[in-house]
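These notes are about the structure you will find just below.
The values are calculated or read from the model by the stated rules, or taken from the named source; none is laboratory data. Fair warning: this is a prediction, and the values are worked out from it, not measured in the lab. Glycine also receives a Cβ, built like all others from the backbone with ideal geometry; neighbour counts cover every protein chain displayed. SASA here: full protein model, heavy atoms, side chains in, ligands and nucleic acids out. Shrake-Rupley method; radii C 1.70, N 1.55, O 1.52, S 1.80 Å.
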Amino acid sequence: MKGDLRFRVGIGAIAVLLVALVAAIGVELTRQSWLSIQKFGLHFWTTSTWDPVTLQFGAFPFIWGTLYSAIAALLIATPIALGIAVFISELCPARLKDALIFLTELLAAIPSIVYGLWGIFVLVPLVRQIEVHTPEALKALPLFSGPPLGLGMLSAALILAVMVIPFTSAIAREVLKTVPPAQREAAYALGATRFEAIRAAMFFARTGIIGAVMLGFGRALGETMAVTMVIGNTPQASASLFAPQYTMAAVIANEFTEAADELYLHALIEIGLVLFIITLIVNAGSRLLIWVMSR
């Protein structure tokens, strides 16, 4: 009994330590950004001006760019990642399965800076050609307006999608492996096609699949170097996929060492606080969604 009690106390202490660590991060970010919080208040979230010369700061373009790029990447990556997971777990020949799993996990291990270099030399010229050959009728729409620079939101969304795919597909694959074989056998016994049996398996594992997608979303929110290298780094909020924009992680990475004024430095740290809060909200929302789905 004493050993069991010590084990429970030790595990409980680790859990409390984790909560304390998250709270300590929030407190320290708040303390280090206090000048900016006092000066700008909640207008910091909604103001688009970012002018270090006049010490006027607003985070809205960076919040917009972060959410826009992450959501666009999620829309691109989710069908591909789920398709990879389904193929490996349900359709792939046994002699190819291990190789495909290894390649998928290898994509997750590639450093962000390598993705950024690939984006600059391969992805950006490709996106520029797509922008040049976009029909004029589409360029008249806000979603496709802007000069064909190659550097912009579309490049950032595509490189984020490539980076998110291995995480989402690996987790979704493991979730699909937990579906009981009896579930598939019952579907076949009722006359279901292979597609219908796979769809039933995905429905059975929908809670875990949603968790995999949300984990990929969280990964996209916090990505820094690869996005910094291809998004254009312009503090503007635009609906266009072709327009250069900015993210919260990118502006901190680019400007932190240049922040000579204390208010400037506090404004950058407050952007980190905003990113921290948004990440907490996204994760809490995903947990709530998973709880609702599991019920």
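Judged by the mean number of other Cβ atoms found within 10 Å, the most tightly packed of the peptides 280-287, 156-163, 7-14 leads the ranking 156-163, 280-287, 7-14. Cα extents for the stretch 141-295 along the principal axes, largest to smallest and rounded to whole angstrom: 69, 34, 24. From the P(r) of the stretch 250-295, can you give the percent of Cα pairs sitting at distances over 11 Å? Here the tail beyond 11 Å accounts for 69 percent of pairs. Fraction of C-alpha pairs exceeding 26 angstrom in the stretch 1-140: 63 percent, rounded to a whole number.
Taking +1 at the Cβ of each Lys and Arg and -1 at the Cβ of each Asp and Glu, which of 187, 233, 256 sits farthest along the dipole of the stretch 180-257 towards its positive end, judged by Cα position relative to the Cα centre? Of 187, 233, 256, it is 187. The stretch 236-295 and the stretch 88-157 have Cα centres separated by 22 Å.
Here the calculated FRET efficiency for residue 193 and residue 282, from their Cβ-Cβ distance with R0 = 30 Å, stands at 0.25, rounded to the nearest 0.05. Dipole orientation for the chain: of the candidates 72, 133, 29, 72 has the Cα lying most toward the positive pole (charges on Cβ; Lys, Arg +1; Asp, Glu -1).
Around the Cα centre of the chain, unit charges on the Cβ atoms of Lys, Arg, Asp and Glu (plus for the first two, minus for the last two) sum to a dipole of about 1160 debye.
Across all directions, the average flat footprint of the convex hull enclosing the Cα atoms of the stretch 35-93 is 6.2 nm². With every protein chain in place and a 1.4 angstrom probe, the accessible-area ranking of 266, 133, largest first, reads 133, 266.
Taking all protein chains together and rolling a 1.4 Å probe, residue 177 ends up with roughly 130 Å² accessible. Taking a quarter of the surface of the Cα convex hull of the chain gives a mean projected area of 21.8 nm².
Between residue 43 and residue 92, the C-beta separation translates, for a Förster distance of 51 Å, into a calculated FRET efficiency of about 0.45. What does the C-alpha gyration tensor say about the overall shape of the stretch 218-295? Classify as rounded when a/c is under 1.5, otherwise prolate if a/b is larger than b/c, or oblate. In terms of gyration-tensor shape, oblate.
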